[in-house]
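Notes for the one structure printed next.
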């Protein structure tokens, strides 16, 4: 006897067909599981985005002045902490300011923007804001709030928006509510983290140490400026130059 | 349809690069620093310092390393478990990458090149694993 009988062959064929059917069934089931997984992930991501978008931390619902203007003015300029501009810029202009100071406000509106436009945006210089508490003790929590916003890339948004909504100096307007409102308007992404950071010992000490530094440099009023670059001998003090051209000239000389 | 072997080789290479990228972010951040953006700018630092960089107190870069290791294992193994596992992990990673990219663009308003690189790698891995699953799941090998 050689070869399989017709009966055996039919049996093997039937088993093969059954096995193929099982395989197809299994494949169909696994593909259904895969499709369901895609659906679940799409729903989860959509829910996360909706929750995130409706989070109150995004600002926009405040009654502050110039929220859009500040955002527009700083758009596209790199920020890190309270540093504005390309970190690789060789010249640094230091601004020692007090957020409650009305002269700082007018500098922020009239003089500093010219420097930002001509030398910061071009990558020639960067500006670092340093707190110099001079008006009243309320300037310390205000400065700490700006540093905490800087930890989330909104330091300059915070400073600029604060100035544009500044009240009468030492009148008690710098409340926790006011600081939080500025943070919302400045677009600080995570307000809970900002709250925690602004009250941290390290941040408050930073305000105190930059204030002490300004005093060591001999400054007695705000805003006071200093410049440092390859062409300067260390940090050179500039005092309070009354026009943007003087700051621009100092940057040129330091570069 | 590419062969399963070539899909697995491509996934192995991409997962290995992913381990390098996520590993770099994890190592730098575990030392208290932030990844350095190649073209300068503070984007990487801003993203690293935002609260979104941690989930349950754990840096998401660690989850990234873990995910890429699982994907590497799935690409090296044969069979339906590896096909489905690779697809599931890459789908989760891809979905989370979409969410993180949304956060970077609309919430944090800063772009970290390392995160974008990882998101791109995860997208490629998702495509490779999806093709592998659709084309070969339930089949022998």
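The numbers here are math on the coordinates, done by the rules we state, and not lab data. Values in this document were obtained by computation on a predicted structure and should not be read as measured data. Please note: Cβ atoms are built from the backbone with ideal geometry, for glycine as well, and neighbour counts cover all protein chains shown.
Rounded to the nearest 500, the 222 nm mean residue ellipticity of chain A from helices alone is -16500 deg cm²/dmol, with -39,500 (n - 2.57) taken per DSSP H run of at least 4 residues. Each listed q (0.11, 0.13 Å⁻¹) maps to a log10 I(q)/I(0) for chain B, found by the Debye formula over equal Cα scatterers with no solvent: -0.41, -0.55. Computed from Cα atoms, the angle from the helix A:244-254 axis to the main principal axis of chain A rounds to 70 degrees.
To the nearest ten degrees, helix B:80-102 and the longest principal axis of the Cα atoms of chain B are 30 degrees apart. When only Cα pairs below 8 angstrom with a gap of at least 6 residues are kept, chain B shows a relative contact order of 34 percent. Note on chain A: GNM, Cα springs under 10 Å; of A:177, A:206, A:236, the largest mean-square fluctuation is that of A:177. What is the gain in length, in nm to one decimal, between residue A:66 and residue A:249 on full extension, counting 0.36 nm per residue of separation less the C-alpha to C-alpha distance? Extra length from residue A:66 to residue A:249 when fully extended: 62.9 nm. Please determine, in degrees from 0 to 90 and to the nearest 10, the orientation of helix A:176-185 with respect to the longest principal axis defined by the Cα atoms of chain A, where the helix direction is its Cα long axis. Tilt relative to chain A: about 60 degrees. Put in order of Cβ neighbour count within 10 Å, fewest first, the listed residues B:27, B:124 become B:27, B:124. Put in order of Cβ neighbour count within 10 Å, fewest first, the listed residues A:138, A:253, A:8 become A:8, A:253, A:138. Residue order for B:94, A:132, B:66, A:178, fewest other beta carbons within 10 angstrom first, comes to B:66, A:178, B:94, A:132. By DSSP, the beta bridges lying fully in the range A:60-254 are antiparallel in about 65 percent of cases. Name the residue, out of A:29, A:88, A:130, whose mean-square fluctuation peaks in a Gaussian network model built on chain A with Cα pairs under 10 Å. Highest fluctuation among the options: A:29.
Taking every DSSP beta bridge that has both ends in the protein assembly as shown, the antiparallel portion is near 65%.
Placing dummy labels 7 Å off each Cα toward the beta-carbon, the span from residue A:5 to residue B:58 is 6.3 nm.
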